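Only one structure is covered here, and it is reproduced in the block below.
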Amino acid sequence: LVHLTAGAAMKCLTCWSVAAALVAASFLAGCYTPPAPKRPFEVVRTDTDPSFSAARENLVDIVVLPARPPEANLAADGSHLRRFRRLIYDALIAKGYSPLSLAYVDREMAGETLADRSDPDLNLGRFHEDAVMALSVNEWSKEWLRQENGILVSATLSLIMAKTKVKLWATEIRHRLYKIPAGRDGRNLTDDEAVVDLVVKNLLAKLPSRS
């Protein structure tokens, strides 16, 4: 039999403890699956007409149409779509444009379907405006990212000259958001409204200021 001193026994136990911790850490590392990375917004396209540079200083009145929901649900008119439109309106003002009052536009469109109110072809020149800003949510789906509690979003923003019907500027983005952002700054937002904040910020990133 081998007799160990108290110090030797303590040293032996310490070595065994370290070895066991390393084995446990290796096991846990093998079982760990890192979360899906947050993918950046994919800019599908951004088109700018050559005439936009000269025309934008003369865009005095712009009508911001209601956001058009995906084709599969044209009757939808949720709070996130209304927030979508409001944030576009505010961003245009911040960039030096002068959109017509949303309340005024809505009064003139009272009683019409959302599909008609959001259709630029039906509303160009209706308010004697210089241009129309059309908002289209092409896809808003949680079906494929349900396990990650995420959402797939695709949206298009178009600025169209009223008289000539020329599309002065347009951009489309697509994004797979794996984690829906929480409301910030104490704002009480729904999940969909929080997503809209990100979408609008990226949609307008490439829109030139008026001057």
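On the principal axes of its alpha-carbon atoms, region 44-139 has extents of 38, 33, 24 Å, going from largest to smallest. On the basis of the beta-carbon distance and an R0 of 25 Å, Ser79 and Ser209 show a calculated FRET efficiency of 0.30. When Lys and Arg each count +1 and Asp and Glu each count -1, what net charge do the other residues less than 12 Å away from Leu122, Cβ to Cβ, add up to? Once all neighbours under 12 Å are counted, the net charge is -1.
Placing dummy labels 7 Å off each Cα toward the beta-carbon, the span from Thr190 to Val60 is 3.9 nm.
Cβ-Cβ distance of Ala103 and Glu143, R₀ of 41 Å, FRET efficiency by 1/(1 + (r/R0)^6): the value works out to about 0.70.
Bear in mind that the values in this text are calculations on the coordinates, not laboratory data. Please read all numbers here as calculations on a predicted model, not as lab measurements. Because the Cβ atoms are built from the backbone with ideal geometry, glycine has one as well, and the counts that use them run over all protein chains shown.
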